[in-house]
Amino acid sequence: MHRYQAPHSMQPRTGGPLVGRTIVVTRPQAQAAPLAEGIVAAGGRPLIFPLLEISPAADAQPLAATAQRLADYALAVFISPNAVEHALPALLANAPWPSTLRPAAVGQGTVRALAARGIEGCIAPTERFDSEALLALPELAAENMAGKRVAIFRGDGGRELLADTLRERGATVDCITCYHRSGPSAGLLPLMAAWRAGQLDALTVSSSEGLRYLVEQLDADGRAFLQKTPIFVPHARIADNARALGLSNIILTDAADAGILAGLVAYNWLA
C-alpha cells in the first residue's frame with residue numbers, strides 16, 4: 001500500500017477543518033498533488049489512489065501526422081492536461097506553434113498546462129468546465145467555425161459532443177487520440193484495505209469513467225463501503241452518473257480542485 005500513501009512532505013497538520021479525516025484523491029497521478037496538498041493544509045490526510053492510469057496512445061502515427069500539418073488548423077482543442085502532456089511534445093518537435101492556430105481548452109488546469117509550455121491566448125470557459133461550456137463561447141459559434149479545420153486532442157473513449165457539434169456548425173474536425181486510460185495496475189486491494197481498517201472517510205472523484213470502473217470492479221463488500229462513503233464530485237454530470245450507478249451519498253461541489261476542497265471543508269462530518 002506504500003505507493004498510495006501521501007509522501008512525508010504531505011503529512012497532515014495537527015489542526016484544521018479536516019483533521020482526523022482521510023480523503024481519497026482519485027485524479028490521475030500527474031494531477032493529484034494540488035488537491036492532496038490542499039487537504040493537507042486543511043489538516044486532513046490524502047490517500048492518492050488514481051482510478052485511471054494514463055499512458056501514451058498505442059498508435060503514435062495519427063499524432064505524428066497531425067504535427068506535420070498543424071498549420072492547416074484554425075483551432076486546436078486540448079481536452080485535459082493529459083492531452084497537453086502527451087500531445088504537445090510531438091506537435092512542437094520540429095516546428096514552433098503556428099501563429100494562426102488558436103488553442104482552446106475545456107478547463108483552467110489545461111489552460112495552465114498550455115501556458116507552462118509557452119502556449120498563450122487560450123480559449124476556455126471560466127465558470128463551468130465541460131464541453132458544453134466551451135461550445136457556448138462566442139469564438140466557437142457557427143459563424144466563426146464554418147469552413148474552419150479543428151483538431152481535438154483527447155484520450156481514447158472521449159465524449160463525441162464537442163466534435164459532433166463543431167461539425168454541425170460547419171467545421172472539419174479531426175479527433176486525435178494521444179493518450180490511453182486504464183484502471184489501476186495494482187487493482188483495488190489498497191482501497192479495500194483502507195476501508196476495512198476504518199481509515200477512509202471520503203472519496204473525491206472527477207471522472208465518470210473512473211467512478212464507473214470503481215463500481216464495476218468492487219465486490220459486494222466494497223460496494224457496501226462505497227455506498228456509505230461520501231463522494232465529492234465537481235460536476236453535475238458526474239453526480240448524475242454516480243446516481244445512475246446506484247450511489248446516493250453524493251456531494252456536488254463547485255468546479256475544480258478549489259471547489260472540491262471547499263466542499264470537503266464545509267461538509268458536516270458529524271451528521
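The values are calculated or read from the model by the stated rules, or taken from the named source; none is laboratory data. Remember, predicted model here, so these are calculated numbers, not experimental data. No Cβ is skipped: glycine too gets one built from the backbone with ideal geometry, and neighbour counts run over all protein chains shown.
Looking only at region 190-206, decide whether some residue is more than 26 Å from ILE23 (Cα to Cα), in contact with a strand residue (DSSP E or B) (Cβ under 8 Å, 6 or more places away or on another chain) and charged (D, E, K, R). No, region 190-206 contains no residue that is more than 26 Å from ILE23 (Cα to Cα), in contact with a strand residue (DSSP E or B) (Cβ under 8 Å, 6 or more places away or on another chain) and charged (D, E, K, R). Quick check on my filter: what residues within region 53-92 are in contact with a strand residue (DSSP E or B) (Cβ under 6 Å, 6 or more places away or on another chain), surrounded by 18 or more Cβ atoms within 10 Å (Cβ to Cβ) and of a type in the set (Ser, Thr, Tyr)? Those that are in contact with a strand residue (DSSP E or B) (Cβ under 6 Å, 6 or more places away or on another chain), surrounded by 18 or more Cβ atoms within 10 Å (Cβ to Cβ) and of a type in the set (Ser, Thr, Tyr): THR66, TYR73. Within region 51-69, one or more residues are farther than 30 Å from LEU166 by Cα and in a loop (DSSP other than H, G, I, E, B). Taken over region 114-137, the residue count meeting the criterion of being without any contact (Cβ under 8 Å) to a residue 60 or more places away in the chain, assigned to a loop (DSSP other than H, G, I, E, B) and buried (at least 17 other Cβ atoms within 10 Å of the Cβ) is 4.
Has region 146-158 got at least one residue that is out of contact with any helix residue (DSSP H, G or I) (no Cβ under 7 Å at 6 or more places or on another chain) and without any contact (Cβ under 8 Å) to a residue 24 or more places away in the chain? Taking every residue of region 146-158 in turn, none turns out to be out of contact with any helix residue (DSSP H, G or I) (no Cβ under 7 Å at 6 or more places or on another chain) and without any contact (Cβ under 8 Å) to a residue 24 or more places away in the chain. If I go through region 76-113 residue by residue, how many of them are within 20 Å of GLY158 (Cα to Cα) and either assigned to a loop (DSSP other than H, G, I, E, B) or of a type outside the set (Gly, Ala, Ser) (or both)? Number satisfying all stated conditions: 16.
Within region 170-185, the set of residues being out of contact with any Phe, Trp or Tyr (no Cβ under 8 Å at 6 or more places or on another chain), part of a strand (DSSP E or B) and hydrophobic (A, V, I, L, M, F, W, C) comprises VAL173, CYS175.
Can you pull out the residues in region 138-169 that are acidic (Asp, Glu), within 14 Å of ALA105 (Cα to Cα) and not in a helix (DSSP H, G or I)? None - no residue of region 138-169 is acidic (Asp, Glu), within 14 Å of ALA105 (Cα to Cα) and not in a helix (DSSP H, G or I), so the list stays empty.
Just the residues that are touching a Lys or Arg at 6+ places or on another chain (Cβ under 6 Å) and among the hydroxyl-bearing types (Ser, Thr, Tyr), please, taken from region 153-198.
Filtering region 153-198 down to residues touching a Lys or Arg at 6+ places or on another chain (Cβ under 6 Å) leaves 155, 171-173.
Result: THR172, single match.
Can you find even one residue in region 254-267 that is in contact with an Asp or Glu (Cβ under 7 Å, 6 or more places away or on another chain) and without any contact (Cβ under 8 Å) to a residue 12 or more places away in the chain? Yes, region 254-267 contains a residue that is in contact with an Asp or Glu (Cβ under 7 Å, 6 or more places away or on another chain) and without any contact (Cβ under 8 Å) to a residue 12 or more places away in the chain. The set of residues from region 204-228 being in contact with a helix residue (DSSP H, G or I) (Cβ under 8 Å, 6 or more places away or on another chain) and touching a residue at least 40 places away in the same chain (Cβ under 8 Å) comprises THR204, VAL205, SER206, SER207, LEU211, LEU214. Of the helices (runs of 4 or more DSSP H) lying entirely inside region 186-259, the ones with 1 or more residues being under 22 Å from ASP156 (Cα atoms), modelled with pLDDT of 90 or more and within 20 Å of the chain's Cα centre (by Cα) are found at 208-217, 236-244.
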